[in-house]
Amino acid sequence: MSQYDFFTAQLRFAATKTERVSSEIDDMMQVLTSIAKQIDDREMFVVDARNVRLGARALAGVAGFLQQHILPEVVAAKNNVGERQVRWTIETAMSLMATMMTHAEMTHDKDPIELTLPDVPRS
């Protein structure tokens with residue numbers, strides 16, 4: 001069991017619920033699933049160079065979905081632990097997205113990226 005189970009569950013939820021209306025969206029959801037699996041296995045992840053931008057966009061999509069649809073429900077339910085976890089996921093996903101996009105720009109999409117996650121929120 002990983003300290004990031006709630007994070008990977010949210011990534012998997014988004015990947016599962018997203019309608020695969022194009023091959024690009026399918027690819028993004030596969031990258032999300034890969035990120036979740038790697039985090040479960042070793043609490044870090046690597047994205048190959050050709051998928052860095054796709055992964056960044058997928059993480060931004062997760063953050064947007066959580067911000068618009070999940071966070072309001074968690075707040076309304078007064079679920080403090082859930083709110084901290086959802087807010088942490090939103091902030092972390094956006095931070096990872098920015099790091100990944102910067103990396104892609106700086107390396108001209110030629111190098112993979114290895115990322116670790118910040119400390120989990122305290123319950």
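The values are calculated or read from the model by the stated rules, or taken from the named source; none is laboratory data. Just so it is clear, the structure is predicted and the values come from calculations on it, not from any experiment. Heads up, the Cβs are rebuilt from the backbone with ideal geometry, glycines too, and the neighbour counts pull from every protein chain shown. Accessible surface is based on the protein model in full, side chains and every heavy atom, while ligands, DNA and RNA are left aside. Shrake-Rupley method; radii C 1.70, N 1.55, O 1.52, S 1.80 Å.
Assorted remarks:
- Computed in the context of the full set of protein chains, the accessible area of the chain at 1.4 Å probe radius has 52% of its extent on carbon or sulfur.
- Under 13 Å, Cβ to Cβ, from Met1 - net charge with Lys/Arg +1 and Asp/Glu -1: -4
- Average accessible surface for the chain: 58 Å² per residue, computed with a 1.4 Å probe over protein heavy atoms with every protein chain in place.
- Centroid-to-centroid separation of the stretch 93-123 and the stretch 63-83 [C-alpha atoms, Å]: 23 Å
- Convex hull volume per residue for the chain, taking Cα atoms only, in Å³: 94 Å³
- Lysines whose Cα lies under 25 Å from that of Lys17, excluding same-chain neighbours fewer than 8 positions away: Lys37, Lys78
- Since only His69, Ala98, Gln3 are under comparison, the one whose Cα sits farthest along the positive direction of the charge dipole of the chain, derived from C-beta charges on Lys, Arg, Asp and Glu, is His69.
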